[in-house]
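Taking it in order: structure first as structure tokens, then the write-up.
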Amino acid sequence: MDKIDIEMLVRRHLQELGVGVGSSEKKEYIVAANWKMNMTEKETRKFLTELKSTEIPENIRVMIFPPYPYLYIMKEMLRYERIAYGAQDVAKEEQGAYTGEVSAGMLGDMGCPVTLVGHSERRSYYGDTPEITAKKAKAALEHQITPMLCIGETLEEREGRRYEGVLKSQLDAVYEALGNRMGECLIAYEPVWAIGTGVIPSLEQIHETHRYIYQVLRGYGVSEEDIRILYGGSVNAGNVKDIASVKYVDGFLIGGAGLKADSFKTIIRLASEVS
Ligand code: PGA
């Protein structure tokens, strides 16, 4: 595929996600909720009903990552909404005898334009190595599904000042598999030590780390306008505005504060106010 084709493809992906196509003057942010293994069918329907009752600001792109069984409800209830949804993980294989796995093709059938890959919980509890994560990202892209690649260092790696090398090797593995399609990934920087702990890095640390990731992506040849780096880890209504004001932060991946429609809606509103 030549360069023009690839650029067209990236743009189409982002358009399908509603990213970068608003007419708003304000900076655009992706506000994404990762529900992990939480919620019931009833709670899912209630959350979506409440979310749909608010107008989503023009400069905000909302995404929800529910557990697999509830993708069906997303498909049913979000048909005409400006709210995207996706899976929390995807199989690296195409199809066949892989009990318990869900393929990218199936996610496509469920109407998912996006899937998480490499979340730190997948990496630490389920053995998702950088190479496995890369295969998952590739499988997603082969079905026109945008991978949201999660990367992040542990506290020990941060304190030992090894975090840049760790992030680079997590990114390198995916670049090796995707090559010039790397720009089709969304990136979520989630320091492991900030996930579910109530502790967030300083704004300076977020700025430096996002800038570093940005530079690595530029080094792969990803064009500036295709780079989207979300921050994740203990984001809530109290800190979202400060984090949003940091350069190179293009959105948020939210766990705990994305489980209640009220707090999620507040975060959406606050992020939309940052210019
Ligand atoms: P948290 O989770 O917001 O609860 O820290 C974020 C994530 O794991 O994506």
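The values are calculated or read from the model by the stated rules, or taken from the named source; none is laboratory data. Small disclaimer: the values here were computed from a predicted structure and weren't measured. Cβ: placed from backbone, ideal geometry, glycine included. Neighbour counts: every protein chain shown. The protein model used for the area step is the full one, side chains on, heavy atoms only, and it has no ligands, DNA or RNA in it. Shrake-Rupley method; radii C 1.70, N 1.55, O 1.52, S 1.80 Å.
With the contact rule set at Cα under 8 Å and sequence spacing of 6 or more, what percent relative contact order holds for segment 89-165? Rounded, it is 34 percent for segment 89-165. Counting only heavy atoms of the protein chains and using a 1.4 Å probe, Glu204 has close to 110 Å² of accessible surface. Take the Cα of Lys168, step 7 Å toward its Cβ, do the same at Glu50, and the gap between the two points is 4.5 nm. Database remark: amide H of Gly86 closer than 5 angstrom to the amide H of Ile64, Phe65 (H placed geometrically; neighbours at sequence offset of 5 or more, or on other chains; Pro and chain starts carry no H).
Above 25 Å, the calculated P(r) of the chain contains 40 percent of its Cα-Cα pairs. Model label sites at Tyr126 and Arg218, defined 7 Å from Cα along the beta-carbon direction, differ in position by 3.5 nm. Listed cross-link partners Lys36/Lys138; Lys36/Lys260; Lys46/Lys75; Lys42/Lys136; Lys27/Lys92 are compared with a 25 Å cut-off, the Cα-Cα value being larger for Lys42/Lys136; Lys27/Lys92. Here r is the Cβ-Cβ distance between Thr154 and Glu58 and R0 is 41 Å; the resulting FRET efficiency, rounded to 0.05, is 0.60. Segment 72-122 has equivalent-ellipsoid semi-axes of 22, 14, 8 Å, by the square roots of 5 times the alpha carbon gyration tensor eigenvalues, sorted largest first.
In the chain, Cα pairs under 8 Å separated by at least six residues give a relative contact order of 20 percent.
Taking the charge dipole of the chain about its Cα centre, with +1 at Lys and Arg Cβ atoms and -1 at Asp and Glu Cβ atoms, the residue from Leu203, Thr146, Ile227 reaching farthest to the positive side is Leu203. Taking Thr115, Thr154, Thr54 in turn, the Gaussian network model of the chain (Cα-Cα springs below 10 Å) assigns the largest fluctuation to Thr54.
For Val199, the accessible surface of its heavy atoms amounts to roughly 70 Å² (probe 1.4 Å, protein chains only, rounded to the nearest 10). Ordering Trp193, Trp35 by accessible surface, largest first, gives Trp193, Trp35; the 1.4 Å probe counts only protein heavy atoms, with every chain in place. Largest GNM mean-square fluctuation across Ile83, Ile187, Ile64, computed for the chain with C-alpha springs under 10 Å, falls on Ile83.
Placing Tyr125, Tyr189, Tyr68, Tyr212 in order of accessible area, with the largest value first and a 1.4 Å probe, yields Tyr125, Tyr68, Tyr212, Tyr189. Ligands, DNA and RNA excluded, the heavy atoms of Met39 present near 40 Å² of accessible surface to a 1.4 Å solvent probe. Whole-Hz Karplus values for segment 102-112 come out as 10, 8, 4, x, 5, 5, x, 4, 7, x, 7 Hz, taken residue by residue from phi with 6.51 cos²θ - 1.76 cosθ + 1.60 and θ = phi - 60°; glycine and proline positions read x.
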